[in-house]
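Notes follow once the structure below has been shown.
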Amino acid sequence: MTFAQKIATLPDVPSDLVSHLERYRDLLLQWNKIHNLSGYKDAATIEYYLYDALYPITFLPPVATAMDIGTGAGFPGLILAMAQPQTHWTLVEPLQKRAGFLQFVKATLKLENVTVENCRVEALEPQRFDLITSRAVTDTGMLLNLSAPYRDAETMLLFYKGENVYNEVPEELPYRIIETDERHYLLINPPKETACS
């Protein structure tokens, strides 16, 4: 199955998603040679993690606003923003070179639903988001603390985890763990019909 065919298996994706993802892949490869934005040094690896970032659209409900804590070179917030033009994404990235890359991709792909914040999440003004995501930043307990000023009881949190997720599940909050072969997606405050605790 080609990369484009794999993306086509995802529900309700925009018609320009594959072209956006391919352009992003090429830009990341180009920038990585100079700025070392991520450890992904070949197209196949980038494509693998693009799909990994996008997989949650198979189970996430539509939301109006979302924030990604520690977006890095774009995973997962920028990638999800490409697939969800109806959602306004705030990408929080403290490293200047990565934030600069995010801004460049935003401008190149004309992603009007993206705001890049070049700062630590703690520096943002408190505001509420419908969804908060994070991947490879810190443990779940710390993410819950960091996200507290930006959520309420209805905000969903989606954390990209490995097998250790079962040691980090929040006892006080409803959650669902969606497993794939190499990824465990921890969804806190999921839609009521899918919650477990």
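The values are calculated or read from the model by the stated rules, or taken from the named source; none is laboratory data. Remember, it's a predicted structure, so these values are computed and weren't measured experimentally. Methodologically, a virtual Cβ is constructed for each residue, glycine included, from the backbone with ideal geometry; neighbour enumeration extends over all protein chains shown. When the accessible area is computed, the model is the full protein with side chains, heavy atoms only, and any ligands, DNA or RNA have been set aside. Shrake-Rupley method; radii C 1.70, N 1.55, O 1.52, S 1.80 Å.
Assorted remarks:
- Any pair with Cβ under 9 angstrom, 6 or more apart, that starts in region 1-21 at a residue that is touching a residue at least 60 places away in the same chain (Cβ under 8 Å) and ends at one that is of a type in the set (Asp, Glu) and surrounded by 13 or more Cβ atoms within 10 Å (Cβ to Cβ): Leu21/Glu47
- Among (1) aliphatic (A, V, I, L, M); (2) touching a Gly at 6+ places or on another chain (Cβ under 7 Å); (3) part of a loop (DSSP other than H, G, I, E, B), the one test that Leu173 misses: (2)
Residue-by-condition table, conditions (1) of a type in the set (Val, Ile, Thr); (2) at pLDDT below 95:
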residue: Trp89; (1), (2): no, no
residue: Leu95; (1), (2): no, no
residue: Arg98; (1), (2): no, no
residue: Glu117; (1), (2): no, no
residue: Gln127; (1), (2): no, no
residue: Ala136; (1), (2): no, yes
residue: Thr140; (1), (2): yes, yes
residue: Tyr150; (1), (2): no, no
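- Among all positions in region 97-109, there is no residue which is of a type in the set (A, V, I, L, M), out of contact with any Cys (no Cβ under 6 Å at 6 or more places or on another chain), open to solvent by 10 Å² or more (accessible area, probe 1.4 Å) and assigned to a loop (DSSP other than H, G, I, E, B).
- Hey, Glu168 touching a helix residue (DSSP H, G or I) at 6+ places or on another chain (Cβ under 8 Å) and at pLDDT below 95 or not: yes
- For Tyr40, the conditions (1) modelled with pLDDT under 95; (2) of a type outside the set (A, V, I, L, M); (3) over 23 Å from Phe129 (Cα atoms); (4) open to solvent by 60 Å² or more (accessible area, probe 1.4 Å) all hold with the exception of (4).
- Thr90 vs. criteria open to solvent by less than 40 Å² (accessible area, probe 1.4 Å) and among the hydroxyl-bearing types (Ser, Thr, Tyr): yes
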